[in-house]
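Coordinate-derived values only; no laboratory data. The structure displayed is predicted, hence computed values, not measured ones. Please note: Cβ atoms are built from the backbone with ideal geometry, for glycine as well, and neighbour counts cover all protein chains shown.
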Amino acid sequence: EPLGSGVDGPVRAVAELNGSLFLGGEFGRAGDSTSERIARWDDGLVTGEVGAPSIRRGESRVELAWSVAGPTNLSSFEVWVSPVIDALLDTAEPPPEIEGPIGRVAPGLSNDFEFVDSSARATGAGYWLRELGPFNDSHWFGPYLLEPLPPGARLGRVTPNPFREAAAIHYSLAVSGRVHLQILDAQGRLIRTLHDGVQSAGVYSVPWDGRLESGSPAASGAYWARLATDTGIQSRQLIRLR
């Protein structure tokens, strides 16, 4: 019998979730071939289309967040990773070098998923999501590329953050070279230069006393520490309290 929204097929199982009725069976829309699926009585097929995840690199981890299209989600996900980025650019299938699963994310009450990779490589990686459907079906999504850290220099934490009197900006240099460490306001305007010169390879911690180039105290708000070297530019936000 019709299952709403033009979906037809024999029903083999019925379940209720969050006030909605879900039916399992061999379903398909008018004119399409049928396959094992789950259908929602009032909204048609429960789709599993995965949106491209956001990838954010933290201090020593990578955070992935993605969403699934549809009124609800009944799938779980495995997260896989490949350390070979160049080989991923022209493929829609996971490469032989893929590792995992490095984690699994179970279905929840929303369409939003999150995963934290605490062993992320500084050289970058390619992430793959393997969706595991309710009928033992699976689908691969990816690759989603994590760009490598700039070689030679790394901008670390700002401590404390937020701060009132002063904050320390931490960074490391793999090789010697010219270093520009500056403070920018929320509009990207330069307000203070903390270092401008050549530094040897090593680990550094440079304080900012919360003052402008003129010596006046900076107003409370958001600022950016910007580290520029021969290998690139990195920025980190810091919050000034008064």
Using 0.36 nm per residue, how much length does the chain from Asp196 to Arg164 gain when fully extended, once their Cα-Cα distance is taken away? 9.1 nm
May I ask you to sort Trp208, Trp140 by Cβ crowding, counting other Cβ atoms within 10 Å and putting the fewest first? Trp140, Trp208
Quick check: residue separation of Val203 and Ser110 times 0.36 nm, minus the Cα distance between them. What number comes out in nm? 29.2 nm
Spin-label point model (7 Å from Cα, Cβ direction): what's the Leu241 to Glu97 distance in nm? 4.5
